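Quick notes on the structure that follows.
The values are calculated or read from the model by the stated rules, or taken from the named source; none is laboratory data. Since the model is a prediction, treat every value here as computed from it, not as a measurement. So basically every Cβ, Gly included, is an ideal-geometry build from the backbone, and we count neighbours across all protein chains shown. For the accessible areas, the whole protein counts, side chains as well, though only heavy atoms, and no ligand, DNA or RNA atoms are used. Shrake-Rupley method; radii C 1.70, N 1.55, O 1.52, S 1.80 Å.
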Amino acid sequence: STESKKQTGDASKTFMAKFAILIRSPVFWLLGGAYFICGFTTAGVVKVHLIPYAASCGFTIITAAWATSFLAGFDMVGMVLSGYLTDRISRPRLLGSVYFLRALSFILLFFITDNVALLFIFAVIFGTLDFATVPPTAGLMASHLGVSTMGFNMGILFLGHSLGGALGSVAGGWLFDLFQTYDWTWIMALTLALVAAVLAWSVPEKREK
């Protein structure tokens, strides 16, 4: 059919041709910017600095590691729940809400000190919100930019996510060295997560009938 030939043609385009199409899309910049922040706040800030922060609060390394394992375990819960909701509600609203709630979760870190229960509550909440960005992001990318180049488009998106993770880990350590406290690291992550929420909410919904 004509449609299948078009999709085959789209998929066979060169790297630069696909990249040129991608960077001309406003939706890519909105989702890509949010996903860069996603990597910054998760892989960069929390997954690198949560254990040393917990240790600085007086917890043992094993306790901090258990909290991190809880966070990783609830990644699965968040991914499945988000995937279920992605097919049923507005994806921009869902994605923006995940980033907004992630921002609010950073507030808990200011009050952990020697409260082990709060440490694990944060781990559960943040873990649930961690990979929850993937289903609505992928769904919106497919709807706006097509499924024939889905692999390429998501690869570029994850490139930005990885870059955000790299910068987040360095920025978190730099701020700690500068101020001898993690407070400014959490403030930075909270602020950026709010920016990601606004970017996600700005993406128009578009579903195939």
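Here is how the numbers come out for the structure above:
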{"item": "Segment 38-55 - phi-based ³J(HN,Hα) in whole Hz, Karplus 6.51/-1.76/1.60, Gly and Pro as x", "result": "4, x, 4, 7, 9, 4, x, 8, 5, 6, 9, 9, 5, 5, x, 5, 4, 5"}
{"item": "Inter-centroid distance (Cα atoms) of segment 52-76 relative to segment 110-128, Å", "result": "9 Å"}
{"item": "Low-density loop cleavage sites - chymotrypsin sites (Phe, Trp or Tyr not before Pro) in segment 103-148, where at most 15 other Cβ are within 10 Å (DSSP)", "result": "Phe110, Phe111"}
{"item": "Efficiency of FRET between Ser25 and Thr191 - r from beta-carbon atoms, R0 25 angstrom, step 0.05", "result": "0.45"}
{"item": "Ala55 paired with Leu81, simple spin-label distance in nm, labels 7 Å along Cα-to-beta-carbon", "result": "3.1 nm"}
{"item": "Solvent-accessible area per residue, Å², over the chain with all protein chains present [probe radius 1.4 Å]", "result": "49 Å²"}
{"item": "For segment 84-91, Karplus couplings with θ = phi - 60° (6.51, -1.76, 1.60), whole Hz, Gly/Pro x", "result": "5, 6, 4, 7, 10, 10, 4, 5"}
{"item": "For the chain, calculated [θ]222 nm from helices alone, where every DSSP H run of n ≥ 4 adds -39500 (n - 2.57)", "result": "-26000 deg cm²/dmol"}
{"item": "Stokes-Einstein D (µm²/s) once Rh is taken as the Kirkwood radius of the chain over alpha-carbon pairs, at 20 °C in 1.002 mPa s", "result": "120 µm²/s"}
{"item": "Difference of contour (0.36 nm per residue) and Cα-Cα distance, Val170 to Phe120", "result": "15.5 nm"}
